[in-house]
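Worksheet for the structure shown next.
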Amino acid sequence: MDLYSGYINKLIDELAALPGIGSKSAQRLAFHLINLPEAKVQRLANAMVQARQKVRYCRECFTLTDNEICPICQNDRRDHTTIMVVENSRDLAAYEKTGKYQGVYHVLHGAISPMLGIGPHDIKLKELMERLSGGPEIREVIIATNSSLEGETTAMYISKLIKPLGIRVTRIASGVPVGGDLEYIDEVTLLRALEGRVEL
Ligand code: ZN
């Protein structure tokens, strides 16, 4: 027996399919939404559709951006000879919040995970290598993937690829909690990890 109307059930199903939203939260959100003024719901729906349509990868670093090239890559005052490799745009945002990192980034959009069947070709690794061999001179690549098994596997894989190019490769210091997503770590810890980075 359906307890709610078909429309509410459909909304609950869609919300429950989002990451981190259980069926209880989905129900709570669904009832919240149907009690909002219609204009507000329309604004939310528009924001979702527009973000999906307009947001794209930066041509240089592959972070999510509204433009062909993101504001960080466009900024001449950033140090374009230092590239920090992160797993996703949220990790980039976490480092930007520290306000201390002056280099640029490369966003992999994932990490190598043999268990999940995610290989080197499923992340933006080829793009990183193209960047290192093609563009302006790069002096250092800082690998800031998570300290999870996947993050460490990815770091080792990347360092093996880059070292033969004669570019300095460093890894952010451990001290970042194992398995911890970078975005949940406070700025002081992130800065310490960056400053204490070690040669690979
Ligand atoms: Zn960029």
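The values are calculated or read from the model by the stated rules, or taken from the named source; none is laboratory data. Because the structure is predicted, anything quoted here is derived from the model rather than measured. Positions of Cβ are backbone-derived with ideal geometry, glycine not excepted, and every protein chain shown enters the neighbour counts. These area figures cover heavy atoms from the full protein model, side chains too; ligands, DNA and RNA do not enter into them. Shrake-Rupley method; radii C 1.70, N 1.55, O 1.52, S 1.80 Å.
Being more than 8 Å from the ligand (Cβ to nearest atom), part of a strand (DSSP E or B), surrounded by 13 or more Cβ atoms within 10 Å (Cβ to Cβ) and under 17 Å from the mean Cα position of the chain (by Cα) is true for just one of VAL104, VAL85. Which residue is that? Break it down stepwise before answering.
Values: VAL104 fails: more than 8 Å from the ligand (Cβ to nearest atom).
That would be VAL85, the only listed residue that is more than 8 Å from the ligand (Cβ to nearest atom), part of a strand (DSSP E or B), surrounded by 13 or more Cβ atoms within 10 Å (Cβ to Cβ) and under 17 Å from the mean Cα position of the chain (by Cα).
May I ask you to list pairs of residues, at least six apart or on different chains, whose Cβ atoms are under 9 Å apart, with the first in the range 118-146 being under 22 Å from ASP76 (Cα atoms) and the second being among the basic types (Lys, Arg) and assigned to a helix (DSSP H, G or I)?
Filtered contacts from the range 118-146: ILE138/ARG131.
Which of the following residues is open to solvent by less than 100 Å² (accessible area, probe 1.4 Å), closer than 22 Å to VAL107 by Cα and either of a type outside the set (Val, Ile, Thr) or part of a loop (DSSP other than H, G, I, E, B) (or both): ALA47, ALA51? Spell out how you get there, then give the answer.
Values: ALA47 fails: closer than 22 Å to VAL107 by Cα.
Just one listed residue meets the conditions, ALA51.
Of the residues that make up the range 63-73, is at least one open to solvent by less than 60 Å² (accessible area, probe 1.4 Å), at pLDDT below 95 and part of a loop (DSSP other than H, G, I, E, B)?
No, the range 63-73 has no match at all.
Which residues, taken from the range 132-170, are part of a loop (DSSP other than H, G, I, E, B), open to solvent by 50 Å² or more (accessible area, probe 1.4 Å) and either within 16 Å of TYR105 (Cβ to Cβ) or of a type outside the set (Gly, Ala, Ser) (or both)? Let's see the steps before the verdict.
Just the residues of the range 132-170 that are part of a loop (DSSP other than H, G, I, E, B), to begin with: 135-139, 144-148, 166-167.
Now narrow it down to the ones that are open to solvent by 50 Å² or more (accessible area, probe 1.4 Å): 136-137, 139, 166.
Hits for the range 132-170 are PRO136, GLU137, ARG139.
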